[in-house]
1. Just need a number here: residues in the range 102-118 that are part of a loop (DSSP other than H, G, I, E, B) and in contact with a helix residue (DSSP H, G or I) (Cβ under 9 Å, 6 or more places away or on another chain).
2. Inspect the range 34-47 for any residue being among the hydroxyl-bearing types (S, T, Y) and either surrounded by 13 or more Cβ atoms within 10 Å (Cβ to Cβ) or within 25 Å of N157 (Cβ to Cβ) (or both) and give the result as yes or no.
3. Would you tally the residues in the range 189-204 being of a type in the set (D, E, K, R) and within 15 Å of V230 (Cβ to Cβ)?
4. Looking at (1) without any contact (Cβ under 8 Å) to a residue 60 or more places away in the chain; (2) of a type outside the set (K, R); (3) open to solvent by less than 40 Å² (accessible area, probe 1.4 Å), which one does V234 not meet, given that it meets all the others?
5. Here are D175, D158, D186, D140: which of them is open to solvent by 10 Å² or more (accessible area, probe 1.4 Å), within 27 Å of M377 (Cα to Cα) and part of a loop (DSSP other than H, G, I, E, B)?
6. Given the residues T170, T216, which is the only one that is under 17 Å from G243 (Cβ atoms), in contact with a helix residue (DSSP H, G or I) (Cβ under 9 Å, 6 or more places away or on another chain) and open to solvent by 50 Å² or more (accessible area, probe 1.4 Å)?
7. Return yes when L207 is more than 15 Å from the chain's Cα centre (by Cα), of a type in the set (A, V, I, L, M), open to solvent by 40 Å² or more (accessible area, probe 1.4 Å) and farther than 28 Å from W89 by Cβ and no when it is not.
8. Sort through A169, A227, A244, A255 and tell me the only one that's in contact with a strand residue (DSSP E or B) (Cβ under 9 Å, 6 or more places away or on another chain), assigned by the TED database to the domain that holds E318 and closer than 30 Å to Q325 by Cβ.
Amino acid sequence: MHLNSLELGGTQINAVDLAAQMRRRGVESILVGARDTIPDGPSLIEVAAARDVEISLYDPAPTIIPRARQIAALARRHKIDLVHVYGSWGGGARPTFWGPSLFGRTPWVQTVYEMSVSDKLYRHMPMIVGTGYQRDEQHDRPGRTILISPPVDLIDNDPQVQDGRQFRATHRIEDGLLLVIVSRLDASMKTVPILAAIDAMRVLPPLGATLAIIGTGDNVVLIRSRADAVNREVGRDAIRLIGALADPRPAYAAADIMLGMGGSAARSLAFAKPLVVQGEAGWSSLFEPSSAEKLARSSFWSPDAVPDPAVRLAALIEPLLVDSQRRTELGLFGRSFASERFALTAMADRLVDFYRIVKGEYSSRDWFADLPLEGRMLSAKVARLSRHALRLSPK
């Protein structure tokens, strides 16, 4: 299993969770990650260790063919039967194509839990997507495509198992209702919804709510600046930036209301918390029986922009703050929905079946069918280099 990164992120945590489950089903997974993706602070290595899963580190070569030889050598050393590449970024697909899967010698699959399937991805290898709409959009794709929802461990992510009181005590959030976001604090996809939540606290503080933001990323300075500004405006620490946590489950357990998208939203439901889903451009929606199917189909995400994201978000949150019965009802509904739709054990069973099917399907014919894509990428690279050389040439 080639991990796209060793940072704390949904796709790679899903890979670790599924690897632990695979072992119980007779599948031994060798997890491989690039050493240069280890972040400062908590990383995926701690997450894997907690699940008794080891990650083998390697130093990726700077170009594709030498890196392909590295991946091929790892595959030979461990006598693997199949390569599973996680993510459409992270440098795993092309080295696999040119390495262990060269000429179709070793079958491989790719998981794409991003919100769209890039036209730069190979089309003939088996692929796993995480949303219903992506599965439907790929209906004419030559390679087998299956939906396996980003899984959630309903045993470890259980409100009866985790205790949120220690989280509140540690971070001195003893009074009032707690809103929680667990997310990367990145410019891509994450900043707009997080800033909307921060700005919404201008309206919500009279109700005594606190917003705790768990995570870090490349845009943490901007996000912290906005949080500090709103805190000064309302005259109290209404927003707390907690930082990254290798184990954020106590934060979920402590929350009264969760805000989020993707895998974090799914985990919120497992914790029986009322959930407000946020999209990357500011849209938001309450997860409830009337919206559940649509939100799950899009993996709790939307690309839609709205005129005033903070106002829309505050209007969804405020009724929940004053209605504890409604919060309880939505939490119980969410937990039931999670149990039916994306329990880790069920998704692991589906993955094992997929491995068994595709192991005998991928062939040299599929490999050669994807060669034209490599040709197009090479032509595009030559064109870019030529344009760059022309710009640098003396007039």
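1. Step one: of the range 102-118, the residues part of a loop (DSSP other than H, G, I, E, B) are 105-107, 113-118.
Remaining after also requiring in contact with a helix residue (DSSP H, G or I) (Cβ under 9 Å, 6 or more places away or on another chain): 105-107, 113-117.
Counting residues in the range 102-118 that are part of a loop (DSSP other than H, G, I, E, B) and in contact with a helix residue (DSSP H, G or I) (Cβ under 9 Å, 6 or more places away or on another chain) gives 8.
2. As a first pass, look at the range 34-47 and keep what is among the hydroxyl-bearing types (S, T, Y): 37, 43.
Applying the additional criterion that residues be either surrounded by 13 or more Cβ atoms within 10 Å (Cβ to Cβ) or within 25 Å of N157 (Cβ to Cβ) (or both) yields 37, 43.
Yes: one or more hits.
3. Taking the range 189-204 and keeping what is of a type in the set (D, E, K, R), we get 190, 199, 202.
Restricting the remaining residues to those that are within 15 Å of V230 (Cβ to Cβ) gives 199, 202.
Qualifying residue count for the region: 2.
4. Status for V234: all satisfied but (3).
5. Details: D175 fails: within 27 Å of M377 (Cα to Cα); D158 fails: within 27 Å of M377 (Cα to Cα); D186 fails: within 27 Å of M377 (Cα to Cα).
The match here is D140.
6. On the way: T216 fails: in contact with a helix residue (DSSP H, G or I) (Cβ under 9 Å, 6 or more places away or on another chain).
Just one listed residue meets the conditions, T170.
7. Numbers: more than 15 Å from the chain's Cα centre (by Cα): yes; of a type in the set (A, V, I, L, M): yes; open to solvent by 40 Å² or more (accessible area, probe 1.4 Å): yes; farther than 28 Å from W89 by Cβ: yes.
Here the answer is yes, as L207 does meet what is asked.
8. Values: A169 fails: in contact with a strand residue (DSSP E or B) (Cβ under 9 Å, 6 or more places away or on another chain); A227 fails: closer than 30 Å to Q325 by Cβ; A244 fails: closer than 30 Å to Q325 by Cβ.
Going through A169, A227, A244, A255 in turn, just one is in contact with a strand residue (DSSP E or B) (Cβ under 9 Å, 6 or more places away or on another chain), assigned by the TED database to the domain that holds E318 and closer than 30 Å to Q325 by Cβ: A255.
The values are calculated or read from the model by the stated rules, or taken from the named source; none is laboratory data. Quick caveat: nothing in here was measured; it's all calculated off a predicted structure. Here the Cβ is made from the backbone with ideal geometry for all residues, glycine too, and neighbour counts use every protein chain on show. Note: areas computed on protein heavy atoms with side chains; ligands, DNA, RNA excluded. Shrake-Rupley method; radii C 1.70, N 1.55, O 1.52, S 1.80 Å.
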